[in-house]
1. Look at region 279-297 and say how many of its residues are open to solvent by 20 Å² or more (accessible area, probe 1.4 Å) and over 21 Å from the mean Cα position of the chain (by Cα).
2. Residues of region 17-49 being open to solvent by less than 20 Å² (accessible area, probe 1.4 Å) and part of a loop (DSSP other than H, G, I, E, B), which ones?
3. When you scan region 251-348 for strands (runs of 3 or more DSSP E) that lie fully inside it, which ones turn up with 1 or more residues that are among the aromatic types (F, W, Y)?
4. For V60, are the conditions met, namely being farther than 28 Å from G380 by Cα and either in contact (Cβ under 8 Å) with a residue 60 or more places away in the chain or among the hydrophobic types (A, V, I, L, M, F, W, C) (or both)?
5. Residues D391, D385, D331: which one is closer than 20 Å to I268 by Cα and among the charged types (D, E, K, R)?
6. Scan region 69-92 residue by residue and report those that are surrounded by fewer than 16 Cβ atoms within 10 Å (Cβ to Cβ) and either without any contact (Cβ under 8 Å) to a residue 60 or more places away in the chain or closer than 19 Å to L15 by Cβ (or both).
7. Across region 271-308, which residue is nearest to E328 (Cα to Cα) among those that are touching a residue at least 60 places away in the same chain (Cβ under 8 Å) and of a type in the set (S, T, N, Q)?
8. Just checking, how many residues over region 152-185 are open to solvent by less than 40 Å² (accessible area, probe 1.4 Å), more than 18 Å from R219 (Cα to Cα) and within 24 Å of the chain's Cα centre (by Cα)?
Amino acid sequence: MPALHDPTASAPRTLTIDHVGSQGDGRAQDAGRWVSVPFTLAGEVVEVSGDGERLKLERVAEASPARAAPSCRHFGKCGGCTLQHMAAAPYAVFKRDLILRALSARGLEAEVADTWVTPARSRRRAALAARRRGNEVVLGFHARKSHELVALSECPVLRPAIVAALPALREIAGHVLAGKDEIGLLVTETASGLDLHVTGLAKEVKALARAEAMSAALRAGFGRVSIEDTDVLTERRPRLPAGAASLLPPPGSFLQASAEAEAEMERIVREHVKFASWVADLFSGCGTFALRLAAEASVLAAEGNAAAIEALRESVRAAHGLKPVTAEVRDLFRNPYGAAELARQDAVVLDPPRAGAAAQVAELAKSMVAKISYVSCDPGTLARDLRTLVDGGYRIVRIHPIDQFLWSAHVEAVALLERAR
């Protein structure tokens, strides 16, 4: 029998926020259960309504000293940011604490550096969505935990060139939107101009409509436009600086969201492995770390995406002065490198997706590789994999939190390990 509805639960009431949870919402006790209250901070007294696990904030009765004025008119509706109301110092502490909590849950202790925070207006990549609303084309980000699109007119996170291109992106989307369908527009600022990758096009979109979209992209000065992983228009090949080489990303490929964050992660990784002669770059993508590491070491790069590996090979062929780079297509989830295969490597760099690298880490834990740099976008899977490495005889030297996604609840990290003597 379902529980009877409590009519008092949805009535406005006052709560005190205990802490900010891992999703960026304030957490409080409400009638003996934990609830989430978005846009609140620890210690605040707030008025809320609702009867679910996630309540609606009605009013902040007593504000925290850590509260700050949001930087964007869309904050509170747009799901891109959740923490613009938190001041800079406590915000950096919150990001560091996300990693400390994950380590503690796995029984780990480590030196965790202060958080490196990416500057505002530095994100060079945005995954936007577009759909029709009557005669209007709505372009923007989804509201949090919703299919509703919030029309974007400004963004203090994105590079100015992407914000300036929003009207052109709406025009391009308008040519290829069909009915109530929603399409994705992944736009990246590169050294040779904006790169656009469109996904989700309906089958009934005509060739003429696609041609009109390409014409609009040309007028707006886009360097390349691709649709569903296929290059359909290239005026200028996208290029991104990568040390002495240039990254040549294929359509829709993974890239670090911020050039500044990428440079900081590269600095930390290269300092850790600076005396290595042989380095394996696992989950290499199209060469973010491999191309830079090859300035000083012979590199084995492995990645499951064939297009990314071919792009890396092309970058190596076009570069001058690099050490040898061996690039292999390999599914490291199903076919990780064994300890014997890694025997030649002085160091290993891993940059896996959010799921982590459990299978590969299990093999690394059996290896005698002297140094490991683990670049992670998820504290939970990072802590899980670090537990495996520590149990296998590695020592965590230091972990560097990298706040690449400004004002979100996400945090990157670079964990440095050494084989214990």
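The values are calculated or read from the model by the stated rules, or taken from the named source; none is laboratory data. This is a predicted model, so every value here is computed, not measured. Cβ coordinates were reconstructed from backbone atoms using ideal geometry, including for glycine residues, and neighbour counts include every protein chain displayed. Please note that ligands, DNA and RNA were not included when accessible areas were found on the heavy atoms of the full protein model with its side chains. Shrake-Rupley method; radii C 1.70, N 1.55, O 1.52, S 1.80 Å.
1. Total meeting the criteria: 2.
2. I17, G21, G24, D25, P38, T40, L41, E44 - these are the residues of region 17-49 that are open to solvent by less than 20 Å² (accessible area, probe 1.4 Å) and part of a loop (DSSP other than H, G, I, E, B).
3. On the way: elements: 278-282, 298-303, 325-329.
So the answer is 278-282.
4. Working: farther than 28 Å from G380 by Cα: yes; either in contact (Cβ under 8 Å) with a residue 60 or more places away in the chain or among the hydrophobic types (A, V, I, L, M, F, W, C) (or both): yes.
Yes.
5. So the residue among D391, D385, D331 that is closer than 20 Å to I268 by Cα and among the charged types (D, E, K, R) is D385.
6. Across region 69-92, the qualifying residues are A69, A87, A88, A89.
7. Step one: of region 271-308, the residues touching a residue at least 60 places away in the same chain (Cβ under 8 Å) are 272-273, 275-285, 288-289, 307.
Checking the rest, the ones that are also of a type in the set (S, T, N, Q) come to 277, 284, 288.
Details: S277: 19, S284: 10, T288: 15 Å.
The residue in question is S284.
8. So the answer is 7.
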